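Quick notes on the structure that follows.
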Amino acid sequence: MIQIDLSGKLIFITGAMGAIAEHMVKRLNAAGATLVLIDVKPEHDARKTLKLWQISDQKYFYHPCDITNSSQLARVVEESFERFPGMDTVLGHAGGCGLHPFATTSESEFDRIFRFNFLAQVNLTRAVFAQWVKRKIPGHLIFTSSYVARVPHTQIPAYASAKAALENFARCMALEYASSGIRVNVISPGNVAAGSSLKVFEEDPAYREFVLRVTLGKRNSPESIADAFVFLCSPLAAEISGQILGADYGSGIGNRL
């Protein structure tokens, strides 16, 4: 097995207390990275969870933050760079939703889902890139998307549209900031057996039938997604930019549609 050493590396992660993020945090911590963790969960609750995950207090810093609040997010990013001026890796992982059929989803709810999954990532990019350009840091921004950005599915129009927008935005940023040495990539999981994907899979027969039809016989484990992040955070991925890494067991190719 290849051992990836991220000792001495600082990694900023949004949505850090989620079901998939748990495995990202554990894998990155095991590789030696120090983590700046961002989530809406109150700090006291987050610290209890991180203790259960066996993450040492010396290996992370936690900031409670609602990433859809652009001013709050910008302040957390600025404070993090003041503390760690050389931080060069940011994971825009926050996102997700339940089922929301278009006909029964209000305008405000559609906007909320789209803002959380796309516009908040735009605001994260704006804040982080300002720091990297000012400090002349050739940083690496990695977003979490979903195979539904390219494989249409009913009942999640705001989420799927937001992820499609995010993937195109990431490629635009990779082009626009290449001269600054900044890289942007995306990890696009399939249906992951954790979090909201697991809940919807277990509760909605139509969604479950769709997933089983388009996958190549197996759903993603959260550990496999975490491994993809460890790879992209490592020197092994130093020349990768503007790419959508489909860690999706083939779901993204539209199998058996």
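Okay, residues lined up against (1) in contact with an Asp or Glu (Cβ under 8 Å, 6 or more places away or on another chain); (2) farther than 29 Å from GLY250 by Cα:
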site: GLN58; (1), (2): no, yes
site: SER70; (1), (2): no, yes
site: VAL77; (1), (2): no, yes
site: PHE84; (1), (2): no, yes
site: THR105; (1), (2): no, yes
site: ILE113; (1), (2): no, no
site: PHE116; (1), (2): no, no
site: ARG126; (1), (2): no, yes
site: SER145; (1), (2): yes, no
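Among the residues examined, ILE142 qualifies as touching a residue at least 60 places away in the same chain (Cβ under 8 Å), within 20 Å of ILE182 (Cβ to Cβ) and not in a helix (DSSP H, G or I).
Between GLY32, GLY15, the distinction of being touching a residue at least 40 places away in the same chain (Cβ under 8 Å) and closer than 28 Å to LYS134 by Cα belongs to GLY15 only. The number of residues in the range 178-220 being on the phi > 0 side of the Ramachandran plot, at pLDDT below 75 and assigned to a loop (DSSP other than H, G, I, E, B) comes to 1. Taking the criterion of being under 20 Å from ALA16 (Cα atoms), part of a helix (DSSP H, G or I), touching a strand residue (DSSP E or B) at 6+ places or on another chain (Cβ under 9 Å) and not hydrophobic (A, V, I, L, M, F, W, C), would at least one residue in the range 120-130 satisfy it? For the range 120-130, residues under 20 Å from ALA16 (Cα atoms), part of a helix (DSSP H, G or I), touching a strand residue (DSSP E or B) at 6+ places or on another chain (Cβ under 9 Å) and not hydrophobic (A, V, I, L, M, F, W, C): present. Restricting the search to the range 183-193, which residues are surrounded by 19 or more Cβ atoms within 10 Å (Cβ to Cβ) and over 14 Å from the mean Cα position of the chain (by Cα)? Answer for the range 183-193, where residues must be surrounded by 19 or more Cβ atoms within 10 Å (Cβ to Cβ) and over 14 Å from the mean Cα position of the chain (by Cα): ARG183, ASN191. Take the conditions (1) within 25 Å of SER241 (Cα to Cα); (2) at pLDDT 95 or above; ASP111 misses just one of them, which is (1). None of VAL40, VAL122, VAL25 is within 21 Å of ASN185 (Cβ to Cβ), touching a residue at least 24 places away in the same chain (Cβ under 8 Å) and surrounded by fewer than 18 Cβ atoms within 10 Å (Cβ to Cβ) except VAL122.
The values are calculated or read from the model by the stated rules, or taken from the named source; none is laboratory data. Because the structure is predicted, anything quoted here is derived from the model rather than measured. Cβ: placed from backbone, ideal geometry, glycine included. Neighbour counts: every protein chain shown.
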